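See structure below.
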Amino acid sequence: MNGPAVLHADVAVIGGGVIGHSIAWEARASGRSAVLIDDQPGSGASWAAAGMLAPVSELHYQEESLLELMLESSRLWPDFAANLGRAGAGDFGYLTTPTLAVGADAADRRALMDLRAVQEANGLLVEPLTVRDARAKEPLLSPAISCALDIPADHQVDPRRLIASLRTVLAGHQPGAGTFVDGAVNGFAVGSRATGLLWEGDRVRGVELANGGTVRAGETIVANGLQAAALEGLPAGVQLPLRPVFGDILRLRVPQHLRPLVTSTVRGLVHGVPVYIVPRQDGTVVIGATQREDALPEAGDTAAPGTAVSAGGVYQLLRDAQVLVPAVAELELIECTARARPATPDNAPLLGRVSVPDGGHVRGLIIATGFYRHGVLLAPAAAAICRELLDGRIDPHRAALDPARFSGRHHETLQPTKETA
């Protein structure tokens, strides 16, 4: 980081993934100055994400409580994308093409139809298609699939291009707007790792940096995924029980004679195992869906745990994708990526101010982490909720997202775990 050792901003956002960038952008849109703190922005879970905006497909049993937030964010996406476009973001791959859910065998068909009953009970539109109709939409689908369902509300975006676009708009400052932060790259970027929170009395006043510098801010937003729990100076007794869930993602180039491989996102079950194929505008597709909760050993690499790709995961993804779309066998494999996503015990995010026993909240601190597989979808909602909190509004209906909900009833939140002031 160039410039003075101490930076001053209205808002300090820790974490440079899709969530952190979106929150910083929303803070800026409110007229506040904001810095985004990350030594490797966009390199974590957001780098591997497929970018499916899928509140309907992502409805899982016993996670119905998340549905309201996912649907809210899905409704926010068109305006979120339009506002970025008006700000000069360029094309970041936001597509409103539908999703097709397909099954490989009779058991997969039953599972998808059972899930459809849950989706319909929650007011979601899922339309069955005949295999013939599905193949009319996507001619390269296997004729042997057992069923297909059309999900018009589930869309996609390219997370890598989205982060690049957000960085572009964050680097633009209107003359006299007061959003440019002296000492930050392009007036917003702090290329150092956050090590802890800076306290003054019972209030968080900014961030300590690994390079010895500090960012002093009226509000600090912790949005750095799995690393959030390791920050020094978190309020005493507050537990952020984040667990890493690892996933392998493949990117393949489609040869000209097979383009487009598919025009819709294809989400399938193959003998009970999920797989998805997401088409990109550049002639590539993304294939994923593996989940494992143990990191592979990485010799000599302790800085990026969980980035080793599983050979079994790659095999499984290619095998299952070919069952649904046989032409996958003819594609060029250009990238294998693995990253860890931050999950919580109930798979809902930790999002909001930290509550204290007397009914108040820790001042100057907002937590926004634990988005698991929904980070890209929930980015607009997370940004909007953080803006509400910055404006002093707390919605009691969001109590289920309280970052302190796993900390017990008697946590002492007015004292940091380690004094960093």
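The values are calculated or read from the model by the stated rules, or taken from the named source; none is laboratory data. Values in this document were obtained by computation on a predicted structure and should not be read as measured data. All Cβ positions, glycine included, derive from the backbone under ideal geometry; neighbour counts span all protein chains shown. In case anyone asks, the SASA skips ligands and DNA or RNA and just uses the protein heavy atoms, side chains included. Shrake-Rupley method; radii C 1.70, N 1.55, O 1.52, S 1.80 Å.
At a glance:
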read-out	value
Check on residue 144, within 30 Å of residue 89 (Cα to Cα), of a type in the set (Gly, Ala, Ser) and open to solvent by 20 Å² or more (accessible area, probe 1.4 Å)	no
Test: residue in the stretch 228-237 that is of a type in the set (A, V, I, L, M, F, W, C), touching an Asp or Glu at 6+ places or on another chain (Cβ under 8 Å) and surrounded by 15 or more Cβ atoms within 10 Å (Cβ to Cβ)	no
Test: residue in the stretch 50-69 that is modelled with pLDDT of 95 or more, of a type outside the set (Lys, Arg) and farther than 26 Å from residue 262 by Cβ	yes
Options 109, 132; residue that is surrounded by 14 or more Cβ atoms within 10 Å (Cβ to Cβ), part of a helix (DSSP H, G or I) and without any contact (Cβ under 8 Å) to a residue 60 or more places away in the chain	109
Test: residue in the stretch 172-181 that is assigned to a strand (DSSP E or B) and open to solvent by 10 Å² or more (accessible area, probe 1.4 Å)	no
Filter result (part of a loop (DSSP other than H, G, I, E, B), more than 17 Å from the chain's Cα centre (by Cα) and not basic (Lys, Arg)) within the stretch 31-52	31, 33, 39
Those strands (runs of 3 or more DSSP E) lying entirely in the stretch 326-370 with at least 2 residues open to solvent by 30 Å² or more (accessible area, probe 1.4 Å) and of a type outside the set (Phe, Trp, Tyr)	332-343
Filter result (without any contact (Cβ under 8 Å) to a residue 24 or more places away in the chain and part of a strand (DSSP E or B)) within the stretch 112-129	128
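Yes/no per residue for (1) hydrophobic (A, V, I, L, M, F, W, C); (2) under 26 Å from residue 375 (Cβ atoms):
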position: 115; (1), (2): yes, yes
position: 125; (1), (2): yes, yes
position: 130; (1), (2): no, no
position: 136; (1), (2): yes, no
position: 144; (1), (2): yes, no
position: 150; (1), (2): no, yes
position: 157; (1), (2): yes, yes
